[in-house]
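The values are calculated or read from the model by the stated rules, or taken from the named source; none is laboratory data. This one's a predicted model, so the numbers in the text were calculated from it and none came from an experiment. In this analysis, Cβ positions are derived from the backbone assuming ideal geometry, glycine residues included, and neighbour counts consider all displayed protein chains.
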Amino acid sequence: MRYIVLALCVLLTGCANDNTKIEKKENIMCPQVYEPVCGEIAVECITAPCPKIQKTFSNACFLKLNPRATFLHKGVCVK
């Protein structure tokens, strides 16, 4: 009986169509190489102006994974 209920659940879930598009994200693999880059991250805040935050990323690939980050220069960020 359990198997019948399980099979029905799988069939009903697989056949459901709610007209939503599923976007596939690319599997991006960044190399584990330390070549630091300084980036600036845009922050959302309630009051303006919002200061941007500087962050050192281990390499440019990890910086590109953050959609709010922009490249500033090679090397670590100076505080």
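A few comments on the model shown:
- Yes/no for residue 52 being at pLDDT 85 or above and basic (Lys, Arg): yes
- Qualifying residue in the stretch 7-25 (condition: in contact with a helix residue (DSSP H, G or I) (Cβ under 9 Å, 6 or more places away or on another chain) and modelled with pLDDT of 50 or more): no
- Looking only at the stretch 51-70, residues that are assigned to a loop (DSSP other than H, G, I, E, B) and more than 18 Å from residue 34 (Cα to Cα) come to 4 in all.
- Pairing residues of the stretch 27-39 that are on the phi > 0 side of the Ramachandran plot with residues that are β-branched (Val, Ile, Thr) and surrounded by 10 or more Cβ atoms within 10 Å (Cβ to Cβ), at Cβ distances under 9 Å and at least 6 apart in sequence or on separate chains, gives no pairs at all.
- Scan of the stretch 38-54 for residues that are crowded, with 16+ Cβ neighbours inside 10 Å and of a type in the set (D, E, K, R), ordered by number: 40
- Among the criteria (1) at pLDDT 85 or above; (2) in contact with a strand residue (DSSP E or B) (Cβ under 9 Å, 6 or more places away or on another chain), the one residue 79 does not fulfil is (1).
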